[in-house]
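*Asks:* Here it is: the structure, laid out below.
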Amino acid sequence: MPTRVLWTALLVVGLVAASSVWFLTRPSGSDTAGPVATDSPAQAGATEPGGGAAAGTVVSLTFNFGTVSQYDHARPLLRRHGVHGTFYVTPDRLDAGEGCCMSWQQARQLYREGDEIGSFSADGVDLTVPWSADPSEDYARKEEEVCAAHERLVRLGLDPQSFAYPAGAHTYDFPTLDRSLSDLVASCGYTSGRIIGGLSTDAAVSPVSSVALPPSDPYALPTPAETSTAPVTLADLQQAVVAGSGAAGHLVPLVFGEVCHAGAPSYAACMATRRPVEDTVLSDFLSWLAASGQPGGAPAGTTVQTVREVMGAQPPPPLPPPATIVSFTFDDGDLTQDLAGRILRDHGMQGTFYINTGRTDAEDPYHMSWDQVLRLHRDGNDIGGHTASHINLTDPAIPDPVKRDEVCRDHVRLQQMGLDPQSFAYPYGGLDEAAQALVQSCGYASGRSAGSVSPDGPVFAETVPPLNPFATMALDGPGGAAVEDPSTTAPAIPLTLDYLQRAVVSASDNGGGWVQVVLHHVCVSDAPDLATCMASEAPIEASTFSAFLDWLQHDAPDGTTVRTVREVMEDTA
């Protein structure tokens, strides 16, 4: 029996056998428990105690792609009106930190606040486009895409239940396999699938304007048809709800893309996208819903629920409070970092120091000696590798055997000094797949980049655990990524106390995560070489560094801790 038919049969049996609950048994192969029995209206979504239908129309606010504009402009409105939405994200885009989309930290913040995080497939590609002429290969590829998205959200603690078909398209069968696309979505652990279209606000076109609850096909939840690409108006939204309010216990899922604010620099570009909505329109609509049953408000009994609630899934498990981890990472084993180690020790903290062992062995006067490095180790600091002589692992002019020797020899030398190196930082921030594989093969457990995180976003912190332990993101300096490039002619921009504080606060405000601060030269204010030191790559004055540590101890957001890279990676292994 096809899985979709099995689902329908089980749904009917469940409703007949227990009129007080809505119970679904998930198809075999799923690794996540389905909706469970509940007598709570809030938990049961669209049902009341005793199994009766909800008193009025249920509206679900669903948001496509998890865009930055939704976090910036829709989120405050949802909180102000005390309602929640379902945000369908594309995991690969969030993993890549693309400017289109919110960060994982922001997605987790929405989840903490009561919104639902669902997903498209991992890369958001239309699943109704054949990937292979072989049905088995086609199915396997698409199953990988859909299940990978589910697994990514599970790993982040977001308990995904709801799926949205990329491009809204879901009609697709796999010949000879007796399976459909919706069967595939169910097998990956989702309890619903949302499409685009299927509902009409014009009875002359179609009498179907809402979804009877429980839905006959939870894996093809329709939405009002998109008849144009023009911006969404208040009248559009109100008409969709009014048209679907003819019978109690019906659902009207609404779809939103970009949410545009007239005062934002990106307003014009935002309004040029397909079916955007102005935040003022969304605000007026939410006020109209809140006035349900009142003059000038939505029809009586209209409520707002997430798709998860409508489908009767269990309440989402809570995420722990936002935790922000700060790691101080020092590149090159510069001589001034000996002072940084003492400042850390005075504050009862430790950092991660990435050493070029060839320079240390050569007793380079501008770099720390082995005695100084070993003292840092005795003080509890993490000592990692940075290649023996600071080469760029992505430089095509350097032969692969030389790159391997530089990474592995550096690791072996640190081991010979009794340091058990686990952490690596890519010189010049240069990394690619080959460099990552090389670092891993030489015995390291992680590799740090030199950028991508910024107090101004879109990526405010690395996730914990990181998606790729050999390409972890770090805090960009005020002038951009700290690439340590001696050929650059750009003036040095010192790390300031305000910049560092903003980085931690921004990470905390956006759901927490891991802020790896990239540091090089630590300059003493009254030293004769202050000007030279402050002209180096991403410098910081010792007094600023000390003040930042004081702030972390006493005034940083709750849940902020300081840990070495090794500690973070060991705790997430």
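Each reported figure results from applying straightforward, stated rules to the coordinates on display, with no laboratory input. Quick caveat, the model's predicted, so the values are computed rather than measured. Reconstructed Cβ throughout: ideal geometry from the backbone, glycine too, with neighbour counts over all protein chains shown.
*Asks:* In what order do 219, 139 fall by count of nearby beta-carbon atoms within 10 Å, going from fewest to most?
*Replies:* Details: 219 24, 139 19.
If I rank by nearby Cβ atoms, fewest first, I get 139, 219.
*Asks:* Let me ask something additional. Let me have the 222 nm mean residue ellipticity of the chain computed from DSSP H runs of 4+ only, each contributing -39500 (n - 2.57), with the sum over all residues rounded to the nearest 500. Let's see the in-between values first.
*Replies:* On the way: 20 runs with 188 residues, N = 573.
Dividing the helical sum by the residues of the chain leaves -9500 deg cm²/dmol.
*Asks:* So for the pair residue 81, residue 291, with labels modelled 7 Å out along Cα→Cβ, what separation do we get in nm?
*Replies:* 1.2 nm
*Asks:* Now for a different question. What full-extension length gain, to one decimal in nm, is calculated for residue 128 and residue 397 as 0.36 nm per residue of separation minus the Cα-Cα distance?
*Replies:* Details: separation 269, 0.36 × 269 = 96.84 nm, distance 4.41 nm.
Length gained, residue 128 through residue 397: 92.4 nm.
*Asks:* Then there's this: Quick one: if the Förster radius is 22 Å, what FRET efficiency do residue 300 and residue 208 give, using the C-beta to C-beta distance and rounding to 0.05?
*Replies:* 0.50
*Asks:* A further question on this structure: For 120, 470, what's the fewest-to-most ordering of other Cβ within 10 Å of each Cβ?
*Replies:* 470, 120
*Asks:* Moving to a separate point now. Relative to the longest principal axis of the C-alpha atoms of the chain, give the angle of the C-alpha long axis of helix 337-346, reported between 0 and 90° and rounded to the nearest 10°.
*Replies:* 70 degrees
*Asks:* Can you list residues whose amide H is under 5 Å from residue 333's amide H, if they're 5+ apart or on another chain and H is modeled 1.01 Å from N?
*Replies:* HN-HN under 5 Å from residue 333: 354, 356.
*Asks:* Give me the angle, in degrees from 0 to 90, between the Cα long axis of helix 135-155 and the longest principal axis of the Cα atoms of the chain, rounded to the nearest 10.
*Replies:* Taking Cα atoms only, the helix is inclined about 70 degrees.
*Asks:* To continue, here is another question. Using 7 Å Cα-to-Cβ label points, what is the residue 468/residue 531 separation (nm, one decimal)?
*Replies:* 4.3 nm
*Asks:* With r defined as the distance between the Cβ atoms of residue 415 and residue 262 and R0 fixed at 60 Å, what FRET efficiency is calculated, to the nearest 0.05? Display every interim value, and only then the final one.
*Replies:* Values: r = 60 Å, r/R0 = 1.00.
The computed FRET efficiency comes out at 0.50.
*Asks:* Say a paramagnetic label sat at a point 7 Å from the Cα of residue 176, along Cα to Cβ; which residues of segment 133-167 have their backbone N under 18 Å from it?
*Replies:* Once the point is set 7 Å along Cα→Cβ of residue 176, 133-143 turn out to lie under 18 Å by backbone N, inside segment 133-167.
*Asks:* Run through the DSSP bridge list for the chain and note the antiparallel percent, rounded to the nearest 5.
*Replies:* Details: 9 of 62 bridges.
Roughly 15 percent of the DSSP beta bridges within the chain come out antiparallel.
*Asks:* Order these by the 10 Å Cβ neighbour count, fewest first: 132, 508.
*Replies:* 132, 508
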